[in-house]
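The next block holds one structure in the form of C-alpha cells; read it before the comments.
The values are calculated or read from the model by the stated rules, or taken from the named source; none is laboratory data. Values in this document were obtained by computation on a predicted structure and should not be read as measured data. Cβ: placed from backbone, ideal geometry, glycine included. Neighbour counts: every protein chain shown. Areas reflect the complete protein model, heavy atoms only, side chains present, ligands, DNA and RNA absent. Shrake-Rupley method; radii C 1.70, N 1.55, O 1.52, S 1.80 Å.
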Amino acid sequence: MSTATEATLASATLVEKRFPYQLPAGLMVSSFAALLLELGLTRLFSVVLFYHFAFLAISIALLGLGSGGVFAHLGKRWLGRFDTRSVLAWLGVLNGLTIPLVLKVVLLVPVSLELSRANLLRLTAIYIASAVPFFVTGLQFSILFARHTTHITRLYGADLAGGAVACLAIVPLLNWMGGPNAILFAAVMAAVAGAIWALSPVQQKAGALLALLLMVLIAANYHGRWFDVVYAKGLLRDRSWVEFARWNAISRIEVDNQDGAKAVVIDADASTYIMNADLDHWQGSEWQKNLMSAPPALANVLRPHGEYAIIGPGGGVDVLRAIASGSPSVTGIEINPIIANTVMRDRYADYSYRLYQRPDVHIHVTDGRSFIRNAQQRFDVVQMTLVDTWASTAAGAFALSENSLYTVEAFREYFEHLKPDGLIAITRWEFKDPREALRVVSVAMEALHQIGVADPAKNFILASEGELDEDGIPVVVLAKKSAFSPEEEQSVRAHIAANAKLAPLYLPSEHRDNPFSALIASNDPQRFAQQYAYNVAPVTDNAPFFFFTLKLGQFLHSDALGEGMDWKVNLGVAVLGMVLLISLVAVLAFLIIPLMFGGGRSRQRVTPLLYFVLVGLGYILVEIALIQRFVLFLGHPTYALTVVVFLLLLSSGMGSLASRRWMHKPSLTPVALLTIAVGISIAVWALPTMLNALVGIAFAGKLMVAALVLAPLGFLMGMPFPTGLRALASSVEKNSKNDVRENAIEWAWALNAGSSVLGSVLAIVIAIQFGLNITLACGAVAYVLAILSWRHLEPRATT
C-alpha cells in the first residue's frame, strides 16, 4: 500500500473518531435529491418521450450511481488528496448546477419512436446527460462509504432515509410545482447538501447562494415560462392551442382549443373532448346524432333508464349520453383530480353546461376498479370507453403502465356489482386483425366461467363503427351474467339499422365469419389464443399486461412492430428488450470492464463481490413486484410507489442501523439471508389472498396492513448490504507477499448498483412473461444464492 493511501486512511480514521454529524445529514439530503430527480424524470420522460421510456429513469439513475462508484475506486489515490467534506461540498454544488442543464437537454432534444440513426443519437444524448447527476451522487456516496467504513451502517441508514422522504415528497411536489420544477427542486436539495458538507465559509456560501438562486428560478418558472415541454413524442408543441396546463403525480393535463372544440390532452398523447351540449336542446341536435350513432351508445339503447357506473369519464361523453337517454343516476369514477375538479367542475364548468355538477351525476376521484370493488351499490351498467394507460405515473416503472382494469379478476368484480339483469359495456380500439376487443371477450368469457356460466354464447353482443377494414375502429363489447333476450337483440338490430355507421360483429342468434364468433363458439379462450395469430389469452392480476398482444416470435420481425394503432405498445415491449440489452452493455462497459482492467488486485475481487450483485438483484426484484402487488390494494400506482418504497427504504435503513449490533458474528448473515428468502416465499403464497380479503377496509387500515407486511421484510433486507461492506472492509487476504488487500468498497457499491440496473428491467421482463409471483420468487432465489457467495468474503467478526 502506498504512503499516500496510508496517510489518507489514517486521516479518515481520525475523522471517524469524531464523525461529524454533517456527513450523514448531507448524505440524507443528497439521497433525497437523487431519488426526487429519478422520480421526476419518470414523469417528464412519459410526456416528452413515451411512457415506455419512463422506465429508463431507473436504469439511468442506477447506472450513474454505479459509474460514480467505479470512478471513485479507480481514482482513489487522486481523490485521496482532498478532504472528504471539501470534495463532497463541491460535488454538491456541481450537481446543483448540472441538474438544470440536464432538464434543458430533456426538454429541447426531440426523440420519437422512429428507428433511425439520428433518433438513436438523440436518445443517447438524453441518456448520457441524465446520468451525469447520478454519477456525481454515486461518487459522493462511494467516497463517504470507503473513507468511513466503521460507520457504514449509519451512513447507509441515512441514505435510505433520504430516499424514503423523497417518496413522500414527490407526490405533493408534482401536484404543487409540476414536473420541471420538481426536478429543479432536486437541484436545490443537491446544493443544500453541498452547503451542509461545506468545510469552509466559501463552500457554504456557494451552496447556499446556489440553492437560493434555484428557488428564485422555480418561482419564476411557476407558469412554465423558462422550463416547459417544447417537444413531445418528437414533435414541436404548438403552444398557441394550449389554454390551460397543469402537472400532478398522475399526468400532465392541458386543455387545447382545437378548431373551436376543447380537448383535454393527457401527457401530450391521449385526449378526451369536453362536452359542450345543452341537454335542454338535446333532441334532434348534432350532439344526439353523433353520440347515439357511436358503438358505446348500445348500452344506452338497452338500459336507457339504468343506473350507470362509468370508469374514466374524462370530458363527459358517456355521462352526457347516459343522462340524455334517461338515466336517473350516473356515477363517474375519474382517477385524475385535475380533470374531474379543476377542468370539469371549475375552469370549464360553464363550457360543459355544469355537467359534473348536476344532482343526477356523482363524480368520485379515485381508481375505477378500487371504487367498484368497494361499492355497496349495484348498477345496471358498468361502462369503460377507450380507457387507456398511456401515462407513466410518479411510480414511473414500466410495470405500472397497466392499471388492472382489464383482468379476469376485475371483470368478475364488475359482474358481481351488477343488478341481476345488468351488463358491462367495454369499448376498445380494434384492427383489421382483431386483438384488443377480442381480448376483452376472452377475459369476459373466463370471468363468466368462474362465476358459473358454462357456455356464454348468448351472453355477448358486439358492434363496431363500420366494418373492420382498417385499424382504429372502436368496438363495443356488451356482456351479461344472463343471456340476452330476443327482445334485447331486436332492439340492438333496430338501432344498428337506423345508424349506417354501426355494424354488428356478434349477435346471439347468428354466427358470423370473424374471430369474435370463432372465439365465443370455441368456449375455450386459452386454446383459441394458442391457435390465433395474436396473444389474446385472458390476463390476470398476476400478469395484468392486457395491451401486449404480440407473440414472442413476432418480435423477430420488425414489420410486426409497426403494424396497427397498437404499435406504441408493441414497440414498447421491444424497447424494454432493448433497454435490457443496453443496460447489460452499459454495465459491462462502465462498471465491469474498467474494474476488471483496473489492476491485478481488482481482477481477484470478482468472486467475493458476487455477493453484492445478488443482494442488489434480489432487492430490486422484490421491490418492483411488491409495488405492483399493492397497486390494487391501495387503489393507485402513485400510492403504491409512495407507500411501498417509503416503507421498504425506511425499514431497510433501520435494519442497516440494527445490523451493526445484531450482525456482529459472520455466521448470522446467512441466517438473515435465509430468513429474507423464506419471508419472500411466504409473500408469494399468502400476499394475493390476504390483500384481496382486506381490500374493503378503510385507507388508514390499508396503510397499517402495508406497514405490517413490508416493514419486517424491509428491516431484514436492509442488513445484508452494509454487513457485506463491513465484512469486505475488515477481511484480510494474504498473498505471496503477505500484504493487506486493497479496500474495494467503491467496487462493491458499483456492482450493487449495476445489478439493480439489470434487475429493474429484468423484473418487468419476468413479470410480463411469467407473472408477479415468479418475479418475487426470483428475488428469493437471489438471496439464497447470496448465502452461497457469502463465504467468499472471508469475513471476521467486527465490533
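Annotations for the structure displayed:
- Answer residue from segment 229-249, given it is assigned to a loop (DSSP other than H, G, I, E, B) and open to solvent by 30 Å² or more (accessible area, probe 1.4 Å) and is nearest to ARG122 (Cα to Cα) among those: VAL230
- When residues in segment 762-790 are screened for being at pLDDT below 90 and in a helix (DSSP H, G or I), 13 of them pass.
- Selection of segment 161-180 for residues being within 16 Å of ILE253 (Cβ to Cβ) and in a helix (DSSP H, G or I) yields VAL171, LEU174, ASN175, TRP176, MET177, GLY179, PRO180.
- Test: residue in segment 295-313 that is part of a loop (DSSP other than H, G, I, E, B), among the charged types (D, E, K, R) and either modelled with pLDDT under 95 or over 21 Å from HIS417 (Cβ atoms) (or both): no
- Segment 271-290, residues that are within 35 Å of the chain's Cα centre (by Cα) and either part of a loop (DSSP other than H, G, I, E, B) or surrounded by fewer than 18 Cβ atoms within 10 Å (Cβ to Cβ) (or both): SER271, TYR273, ILE274, MET275, ASN276
- Cβ-Cβ distances below 6 Å connect the following pairs, each with a first residue in segment 611-623 that is among the aromatic types (Phe, Trp, Tyr), a second residue that is open to solvent by 10 Å² or more (accessible area, probe 1.4 Å), and a separation of six or more residues or different chains: TYR611/TRP790; PHE612/LEU751; PHE612/ASN752.
- Among residues of segment 647-694, those that are touching a Phe, Trp or Tyr at 6+ places or on another chain (Cβ under 8 Å) and within 26 Å of VAL165 (Cα to Cα), counted: 10
- Residue check, GLY679 in contact with a helix residue (DSSP H, G or I) (Cβ under 9 Å, 6 or more places away or on another chain) and assigned to a loop (DSSP other than H, G, I, E, B): no
- Of all residues in segment 341-348, none satisfies being open to solvent by 30 Å² or more (accessible area, probe 1.4 Å), of a type outside the set (D, E, K, R) and without any contact (Cβ under 8 Å) to a residue 24 or more places away in the chain.
- The residue list LEU88, LEU39 contains one member that is closer than 23 Å to GLN203 by Cβ and either open to solvent by less than 20 Å² (accessible area, probe 1.4 Å) or modelled with pLDDT under 80 (or both), which is LEU88.
- Residue check for VAL255: at pLDDT 90 or above, of a type outside the set (Phe, Trp, Tyr) and surrounded by fewer than 16 Cβ atoms within 10 Å (Cβ to Cβ): no
- Qualifying residue in segment 420-428 (condition: more than 23 Å from ALA375 (Cβ to Cβ) and either open to solvent by less than 10 Å² (accessible area, probe 1.4 Å) or modelled with pLDDT of 95 or more (or both)): yes
- Any hit, segment 472-488, residues being charged (D, E, K, R), farther than 20 Å from PHE547 by Cβ and open to solvent by 60 Å² or more (accessible area, probe 1.4 Å): yes
- Inside segment 520-576, residues that are within 27 Å of the chain's Cα centre (by Cα), of a type in the set (Phe, Trp, Tyr) and modelled with pLDDT of 80 or more make up a count of 5.
- Condition met for ALA324 (surrounded by fewer than 24 Cβ atoms within 10 Å (Cβ to Cβ), touching a residue at least 24 places away in the same chain (Cβ under 8 Å) and farther than 30 Å from LEU174 by Cα): yes
- Cβ pairs under 8 Å, 6+ apart, first in segment 113-133 and closer than 18 Å to LEU65 by Cα and modelled with pLDDT of 80 or more, second assigned to a helix (DSSP H, G or I) and open to solvent by 60 Å² or more (accessible area, probe 1.4 Å): ALA129/LEU101
- Selection over segment 214-225 of residues that are surrounded by 17 or more Cβ atoms within 10 Å (Cβ to Cβ) and modelled with pLDDT of 85 or more gives a count of 3.
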